[in-house]
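Before any comments, here is the structure.
Read-outs: derived from the displayed coordinates by stated rules, not from any lab. Owing to the predicted nature of the structure, the values given are computational and were not obtained by experimental measurement. Using ideal geometry, Cβ is built from the backbone for each residue, glycine included, and neighbour counts are taken over all protein chains shown.
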Amino acid sequence: MPELIEDPTRTTKDPTGTTVKGRWRQLSLLGGALLVDNTEASLISGLFPVIRQALGVSLGALGILTAAGKIVGVLAGPLWVWVAQRWSRKGVLVLATGFWGAFGIAAGFAQDFTQLLVLCTVLAAGYAAAGPIATDVVGDLFDKKTRGRAIGMLYGGLALASSLFAALKGQLAGVEDGWRWGLWAIGALNVLFGIALWIWLRDPGRGASEHQLADLGRTVRETQTKVTRRQVTALFRIPSFVILLGSRLLSGHLLVGTFGVIFLVDAYGFSVQVASVVLLPMGIGYFAGTLLGGFLADWASRRSPRHGLVAVLQAAQFTFGTVAYFGTQIDYGSIGLFAVFFALMGLAQGVNPGVNRPMVMAITPPELRGAAFAVYITVFEAIAWAAFSLGAGFLGDAVGLRVVFLWVLVVLMAVNGAFLGLLYRTYAQDVARVQRELDRRRAEALAGGGATTGA
C-alpha cells in the first residue's frame, strides 16, 4: 500500500495567511532595483557587436565577460547573504545593488578589454546580492497564497521593462561610443535607486507573512530564525531542492538572453539595430508568461496539490524547447517572424519564476530562504550561465551559434523537462515537512508566552 502523504496545502491553523502593510509598494521598490541591475548587466551583451569592433575582440570575449560575472557571483552571492544575516538585508541592497552602480560608470571609461573585464566583474560581484536577497524579502512580504502572483509580477514587470530598455539600448549602436553612454547613464540611475531604497524600503522581518508566526512579533520571530552552518548544510538534504538545483544546471534557455542578438547578427545577417528589435516582443512574451504561469500554477494547485506545480514547471521546459527549434533553426528572412518566435520563447520562459521561486519558498523555512536563493540563483544558476556562455562563445566561433542553439535551447531543455519529473516523488513531502516545523515553532512560542504583535 503506498505511503500516505500530508496535503501540502493543509496546515493546523487558518491558511489565509497575513497581510504585510505596504507590501506592493515595497515590491515595486525591489523591482526597480532589480531592473536597473539587469539593464546594466545586459547592456554589454546587447551592444557586444559594436564593443567587439571598438575594442578589437572576438566572439569568445562575450563568453568570457558573461562567465566572469557569473563566476564571481558564485562567491559574492552567498557572502552578501551572510552579511545580510548579520547586518541588514536593506543595508546590503542599498550598497550592493544601488551605490555599486559607481563601478558601472567607471566601466564606461574602459580603454581596452582587460579594463572592461575587471570593472564588469567587480560590478557583477555587487549585483549578485540582488536576486537572492530581494527574493528572500518577497517571501516575507507575501504569504504562500499570494507569492506566485507577487513573484510573477516582479519578474514579469522586470522583463517587460527590461525589454523596453533593451530595444532602446540597441539603438545606441548607431551612436559613437553609445555603449559608453549607456553604462554611464545606467550606472548613475543605479546610484539614484540606491538612495530610493535607503529612504523608502521597509524590511518586514523574517517570517512576517507566515500565518503560524506573524502574530508572534518580530523579536520572537527573529529569535526563532537564527541560522547555523548546520542548517545551511541541511538545505542539500531536501530532495526537492537538490532536484531544482540540478534543473538550474540544465536550464539552457538562460543562453538566449545573452546571445540572442549576436546570434541573429552572425547566423542570419541582421544589423544590431534590427536584431535588437526581438528583445521587446520577447520581454512582452515573458511578462505574459508570468501572468499565464501564475494562473496555471493556481489552477494546477487546486486540481492537484501534490503534483500541480511540478506539472506546470515541467511543461514549460518542453514548450520552450519546441518553440526554440522553430525560432532559431529556420531562416525566415524577416525579423518579424523571428520576433514572433522570440516572443513565444519569452512566454514559455516567463512561466518559470512564478512557479520555481514559490516552490523553493515552500520547501525551506523562512530563515533559510536567503541562503537557498543564494545557492539556487547566484551559485547554480551562475555556474550554468557561465558554462553556457563560455561554451557558446568558443563553440560559436568554431561551429556557429546555430548549432550551439540547437543543442542548448532545444535538446538540453527536453532533458531538463524529463529531469523535473523526479519532483513528483518528493515535493509534497518536503512542503508538508516545513508546515509541520512552523506549527511546532508556533506552539513552542505560545507555550513560552511569545504571542505578541509588533516589531
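Around the amide H of ASP143, modelled in the peptide plane, lie the amide H atoms of THR18, all under 5 Å away and 5 or more residues distant in sequence or on another chain.
Averaged over residues, the count of other Cβ atoms within 10 Å places the peptides 336-342, 101-107 in the sequence 101-107, 336-342, highest first. Taking a Cβ cut-off of under 10 Å around ALA267, the surrounding Lys, Arg, Asp and Glu residues balance to a net charge of -1, with basic ones at +1 and acidic ones at -1.
Counting beta carbons within 10 Å around each of LYS144, LYS90, LYS21 and listing the fewest first gives the order LYS21, LYS90, LYS144.
Cβ crowding within 10 Å, taken as a proxy for footprinting-reagent exposure, orders VAL274, VAL81 from fewest neighbours to most as VAL274, VAL81. Taking other C-beta atoms within 10 angstrom as a stand-in for reagent exposure, ARG433, ARG149 fall in the order ARG433, ARG149, fewest first.
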